[in-house]
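Here is the structure we will look at, set down as structure tokens.
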Amino acid sequence: MPLEAGLLEILACPACHSPLEDKSADEAAPELICTGQDCGLAYPVRDGIPVLLVDEARRPA
């Protein structure tokens, strides 16, 4: 289930405060990707709820 556009506009990466990009429609495992150049963390979306915890985020490959 894609996130509402209004919600995505106010969400930010908790680590660097950059905007997040929704990758929910592209993959089987939905996630929000940080757009910060030095960060790039990927936060999971579980049951339509973003888990914005740095400890739960996937590091960029």
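Structure notes:
- Selection count, segment 15-36, where residues are in contact with a Gly (Cβ under 9 Å, 6 or more places away or on another chain) and not in a loop (DSSP other than H, G, I, E, B): 3
- Some residue of segment 4-14 being free of Cβ contacts under 8 Å to residues at least 24 places away in the same chain and in a loop (DSSP other than H, G, I, E, B): yes
- For segment 37-61, a residue qualifies if it is more than 19 Å from I10 (Cα to Cα) and part of a strand (DSSP E or B), and exactly one does: R58.
- For segment 9-31, the set of residues classified as under 14 Å from V51 (Cα atoms), small (G, A, S) and modelled with pLDDT of 85 or more consists of A12, A15, listed by residue number.
- Selection status of D47, surrounded by fewer than 10 Cβ atoms within 10 Å (Cβ to Cβ) and at pLDDT 90 or above: no
The values are calculated or read from the model by the stated rules, or taken from the named source; none is laboratory data. All of these numbers come straight from a predicted model, not from anything done at the bench. Ideal geometry is used to build each Cβ from the backbone, glycine not excepted, and the neighbour counts take in all protein chains shown.
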